[in-house]
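Only the coordinates and a few stated rules stand behind these numbers; no lab work does. Computed from a predicted structure; not experimentally measured. Don't worry about glycine lacking a Cβ; one is built from the backbone with ideal geometry, like all the others, and counts go over all protein chains shown.
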Amino acid sequence: MRRDYTLYLFAALGSFLIVYIALPLAVIFLKQASDWEMLVKTLQDPAVLDAVKNSLLTATATTFIALLFGVPLGYVLARMDFPGKSVVQALVDVPIVIPHSVVGIMLLVTFSKAILDSYTGIIAAMLFVSASFTINAARDGFLAVDEGLEHVARTLGASRFRVFLSVSLPMALPSVASGSVMTWARAISEVGAILIIAYYPKTAQVLVLEYFNSYGLRAARPIAVILVAMSLTIFVLLRWLVRRGGNA
Amino acid sequence: MLEVISISRDYGGFHLRDVTFGVEKGEHFVILGPSGAGKTVLLEVIAGIVEPDSGRVYLNGRDVTDLPPERRGLAYIPQNYALFPHMSVYDNIAFGLRLRKLPKTEIKRKVREVAGVLGIAHLLNRKPKTLSGGEAQRVAIARALVIEPPLILMDEPFANLDVQTRSKLLTEMKRWRRELGFTAIHVTHSFEEAVSLGDRVGVMLKGRLVQVGSVGEVFSRPANEEVARFLGFENIIEGIAEGRKLRAGGLEIELPLEVSGRVRVGIRPEDMILSAGPIGSSARNEFRAIVDSIEELGPLVRVHLLVGRLILRAFITRSSLLELGIKPGESVYVGFKASAIHIF
């Protein structure tokens, strides 16, 4: 029998991308390891610590806001037919295709002083670019819940809201949670819109850029390393939690 | 107790057309029809899940047409049972009781009681995913019955089960009804379920309820050719059994096994044997009959016979028709073996 090499060929082609993603991650850590002194110095820099704190807080706040508004919207998109639904659905996906600098300009033109250089501004930028993930994940999660379950729960005496809380939401929870993780990840990685709307209060993403422009690569690298390490740790941890919850 | 008046609805390719019927308290009402007849939509209209385009639904004299499902208090069991996968069997059954804010001890007592009757007390801690088809069906029935609804709506409750589980549950359903005394509308395409469980039957074809009546009536006098073709021309006889004898319509029929009480039996028309004179074999039920009418169906002929107060149908070949010289109004002998009788 002749062996089929198709899958091996595909794996070889695909591994290009894996190496391409993994290589810079590995290199930046390795290079930093040879410059231990700078890393320690950066970790003691109050400006850096403040910026990291700002990034974490705003990304987390964004995630909760996206949940509060995105989960109900996801449920409506999954359960209701209404004129203009396809327009709403398209609108949800629009932020993904707009360049993030443009997002910043649009938000600033629309809300100007209300969001300029404030926490509100950072969160506004993050929410705009990251809410789609929560909305779409919630919608897909609710779509996967058999409507028959909701019907039965209602005949047993539960109101629509009660059915949502006791049947639909618990069942869609793994999907909603993984959407939240994506929203959080997208929020903490946002730079373009934040640069335009809220250069201050300083977030770690913006600080990397500033240090690079003012002091060069050697000063920017440790912050980058800290950001990558932190984001990856939290991302991997959350994904692990979500997956474990989904299997239980 | 339930009045469905002139319901019409177009819904995803299914059409309900002017459906009217009523269900009495304590009755097991079977809606019998082929798949695609609109039976499920009808149940959903009664449950309040689907709004009718026109027509009204009355429950105990009250118009419930505009009420949402949670305010009708009917229990609905869809064909896939729809057990809540994220809850244990106990929580599934307790779901409706908790919504009624019953005390915890009362909920526990009621769940255990219904689980006992349905034989699922040992499954209460399991997740629905781990149940067999038959077990899942019992849990779904328990969850519906425990809230003591005025009416329970069952959509093809036995369709997803293997043959053995099915016949076992059919028998048990009769016992549950005796012990728990519920009123049910039961939708099915199975002739056997209709005859075994139904007090009355409504035959549904292409979105219309074409005939409603007692089981015996519907099967012995189909309203039209369409109903007759769907029902498959079985001979259904209802009577009182005592040991191996069944008394029905002025006849005494020998049964293949001992039963007692009110029973229904079925005999296929091809198992009927016609003869000009009595054959007198002891292993056989034999009666004098009057030929009512003859229908030609290609190579076969269907003979309608009046036997006592019963109407029976027999298939014979065209050649035996000629040989026996059977004509309407004349008398013949009709016989069938006890072993050809199916007791429902």
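What you get for the protein assembly as shown, charging only the Cβ of Lys and Arg (+1) and of Asp and Glu (-1), is a dipole of about 1400 debye around the Cα centre.
Counting neighbouring Cβ atoms within 10 Å and putting the fewest first, the residues B:E27, B:E192 line up as B:E192, B:E27. With both labels modelled 7 Å from their Cα along Cα-to-Cβ, the B:N60 to B:R309 distance reads 3.6 nm. For the protein assembly as shown, a Kirkwood hydrodynamic radius built from all Cα pairs, placed in the Stokes-Einstein relation at 37 °C and 0.692 mPa s, yields a translational diffusion coefficient of 110 µm²/s. Summing charges over all other residues whose Cβ lies under 11 Å from the Cβ of B:E296, with Lys and Arg as +1 and Asp and Glu as -1, gives +1. With helices as the sole contributors, chain A gives -27500 deg cm²/dmol at 222 nm; each DSSP H run of n ≥ 4 counts as -39500 (n - 2.57), and the sum is divided by every residue.
Across peptide B:145-151, the mean count of Cβ atoms from other chains lying within 10 Å of each residue's own Cβ comes to 1.
Summing charges over all other residues whose Cβ lies under 15 Å from the Cβ of B:D271, with Lys and Arg as +1 and Asp and Glu as -1, gives +1. Charge dipole (Cα centre; +1 on Lys/Arg Cβ, -1 on Asp/Glu Cβ; no other charges) of chain A amounts to roughly 340 debye. Averaged over the residues of peptide B:70-80, the number of Cβ atoms from other protein chains lying within 10 Å of each residue's Cβ is 4. Toward the positive end of the charge dipole of the protein assembly as shown, with +1 on the Cβ of Lys and Arg and -1 on the Cβ of Asp and Glu, the farthest Cα among A:A33, A:T58, B:F95 is that of A:A33. Under a Gaussian network description of chain B, with springs only between Cα atoms under 10 Å, the residue in B:H15, B:H28, B:H189 that fluctuates furthest is B:H15.
Mind telling me which of A:A11, A:A59, A:A193 comes out most flexible in a GNM of chain A, alpha-carbon contacts under 10 Å? Looking only at A:A11, A:A59, A:A193, the biggest GNM fluctuation is shown by A:A11. What pairs in B:K25/B:K206; A:K53/A:K202; B:K39/B:K206 have C-alpha atoms more than 19 Å from each other? Long pairs (Cα-Cα over 19 Å): B:K25/B:K206. Treating r as the C-beta distance of A:V228 and A:Y8 and R0 as 51 Å, the FRET efficiency rounds to 0.95. In terms of other Cβ atoms within 10 Å, A:V176, B:V203 run from fewest to most in the order A:V176, B:V203. For a straight C-alpha distance cut-off of 16 angstrom, the lysines reachable from B:K110 (same-chain residues fewer than eight places away being disregarded) are B:K101. Estimated from helical segments only, the mean residue ellipticity of chain B at 222 nm is -8000 deg cm²/dmol, where each DSSP H run of four or more residues counts as -39500 (n - 2.57). Principal-axis analysis of the Cα atoms of chain A puts helix A:85-97 at an angle of about 10° to the longest axis. Remark: the stretch A:228-245, residue by residue, has Karplus-estimated 3J(HN,Hα) of 4, 4, 5, 4, 4, 4, 5, 4, 5, 4, 5, 5, 5, 4, 4, 5, 5, x Hz, where x stands for each Gly or Pro and the curve is 6.51 cos²θ - 1.76 cosθ + 1.60 at θ = phi - 60°.
For the stretch A:119-147, backbone nitrogen atoms closer than 15 Å to the point 7 Å from A:M80 Cα along Cα-to-C-beta are found at A:139. Sorting A:F133, B:F230 from the fewest to the most surrounding beta carbons within 10 angstrom yields B:F230, A:F133. Pick out which of B:P103, B:P34, B:P78 has the largest mean-square fluctuation in a Gaussian network model of chain B, springs linking Cα atoms closer than 10 Å. Of the options given, B:P103 has the highest mean-square fluctuation. Axis of helix B:104-118 versus longest Cα principal axis of chain B: the two differ by about 20°, to the nearest ten degrees. Peptides B:138-151, B:321-334 ranked from most to least packed by the mean count of surrounding Cβ atoms within 10 Å: B:138-151, B:321-334. Compared with the dominant Cα axis of chain B, that is its longest principal axis, helix B:89-99 is turned about 70°.
In terms of the mean number of neighbouring beta-carbon atoms within 10 Å, the peptides B:16-23, A:166-173 order highest first as A:166-173, B:16-23. How much net charge surrounds B:R9 when only other residues with a Cβ under 13 Å from its Cβ are counted (Lys, Arg +1; Asp, Glu -1)? Result for the local shell: -1.
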